[in-house]
1. Find all pairs meeting these conditions: Cβ atoms under 8 angstrom apart; at least six residues apart or on different chains; first residue within the range 104-133 and modelled with pLDDT of 95 or more; second residue open to solvent by 90 Å² or more (accessible area, probe 1.4 Å) and assigned to a loop (DSSP other than H, G, I, E, B).
2. Of Ala109, Ala97, which residue is surrounded by 12 or more Cβ atoms within 10 Å (Cβ to Cβ) and outside any loop (DSSP other than H, G, I, E, B)?
3. Take the residues of the range 23-48 that are free of Cβ contacts under 8 Å to residues at least 12 places away in the same chain and either outside any loop (DSSP other than H, G, I, E, B) or over 11 Å from the mean Cα position of the chain (by Cα) (or both): which is nearest to Pro62 (Cα to Cα)?
4. Considering the range 60-94 alone, what residues qualify as being part of a loop (DSSP other than H, G, I, E, B), closer than 12 Å to Ala48 by Cβ and open to solvent by 80 Å² or more (accessible area, probe 1.4 Å)?
5. Here is a list: Thr49, Thr61. Which entry is touching a helix residue (DSSP H, G or I) at 6+ places or on another chain (Cβ under 8 Å), hydroxyl-bearing (Ser, Thr, Tyr) and at pLDDT below 95?
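The values are calculated or read from the model by the stated rules, or taken from the named source; none is laboratory data. Predicted model only: the values in this text are computed from it and were never measured. Here the Cβ positions follow ideal geometry from the backbone for every residue, glycine too, while neighbour counts run over all protein chains shown. The area values use the complete protein model at the heavy-atom level, side chains included, leaving out ligands, DNA and RNA. Shrake-Rupley method; radii C 1.70, N 1.55, O 1.52, S 1.80 Å.
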Amino acid sequence: MAAAAPNLERDAVVSTALPLPGRRSGKVRDLYELPAQPGEAPRVLVVATDRVSAFDVVMPTPIPGKGRLLTRISLAWFRFLRQRGIVADHLLGDEVAIVPGLSPADREALTGRSMVCRTVRIVPIECVVRGWL
């Protein structure tokens, strides 16, 4: 039996509306502030959606699973840089279990596409690579 074709409306995560404060939305990622833990730096939840952008325009049709793939690529680079001691990073983890206040459905949707990070001062540099992804 052939696998069912993906249902874009069911499978793609185009936007998030989590019960967390400070939602910010970029071209592809949504960010939320996480409650501060005593003695820890402020944290954010970074969610990679399935939105597609090109030339600073968000396209109307998402690619299901794209956010999970972007997160896997990011985590692989963080591991690579950490193993070699090249540079410190802001990644604290990728387990949605550590994010408070989420429903089971939210946790399922966020699994594999989320990273918990320390807040950082953003350096506004953008690098665009076309034709290689």
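1. Val116/Glu95
2. Details: Ala97 fails: surrounded by 12 or more Cβ atoms within 10 Å (Cβ to Cβ).
On inspection, the qualifying residue turns out to be Ala109.
3. Step one: list which residues in the range 23-48 are free of Cβ contacts under 8 Å to residues at least 12 places away in the same chain, which gives 23-26, 36-40.
Checking which are either outside any loop (DSSP other than H, G, I, E, B) or over 11 Å from the mean Cα position of the chain (by Cα) (or both) leaves us with 23-25, 36-40.
Numbers: Arg23: 20, Arg24: 19, Ser25: 15, Ala36: 33, Gln37: 35, Pro38: 38, Gly39: 39, Glu40: 36 Å.
Looking at residues that are free of Cβ contacts under 8 Å to residues at least 12 places away in the same chain and either outside any loop (DSSP other than H, G, I, E, B) or over 11 Å from the mean Cα position of the chain (by Cα) (or both), I get Ser25.
4. Step one: filter the range 60-94 for residues part of a loop (DSSP other than H, G, I, E, B), giving 60-65, 84-90, 94.
If we keep only those that are closer than 12 Å to Ala48 by Cβ too, we end up with 62-63, 65, 94.
Ile63, the sole residue that qualifies.
5. Numbers: Thr49 fails: at pLDDT below 95.
Criteria check complete, one pass: Thr61.
This table checks each residue for (1) among the hydroxyl-bearing types (Ser, Thr, Tyr); (2) touching an Asp or Glu at 6+ places or on another chain (Cβ under 8 Å); (3) surrounded by 15 or more Cβ atoms within 10 Å (Cβ to Cβ); (4) closer than 16 Å to Cys117 by Cα.
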{"residue": "Arg23", "(1), (2), (3), (4)": "no, yes, yes, yes"}
{"residue": "Val28", "(1), (2), (3), (4)": "no, no, yes, no"}
{"residue": "Leu31", "(1), (2), (3), (4)": "no, no, yes, yes"}
{"residue": "Ala41", "(1), (2), (3), (4)": "no, no, no, yes"}
{"residue": "Arg51", "(1), (2), (3), (4)": "no, no, yes, no"}
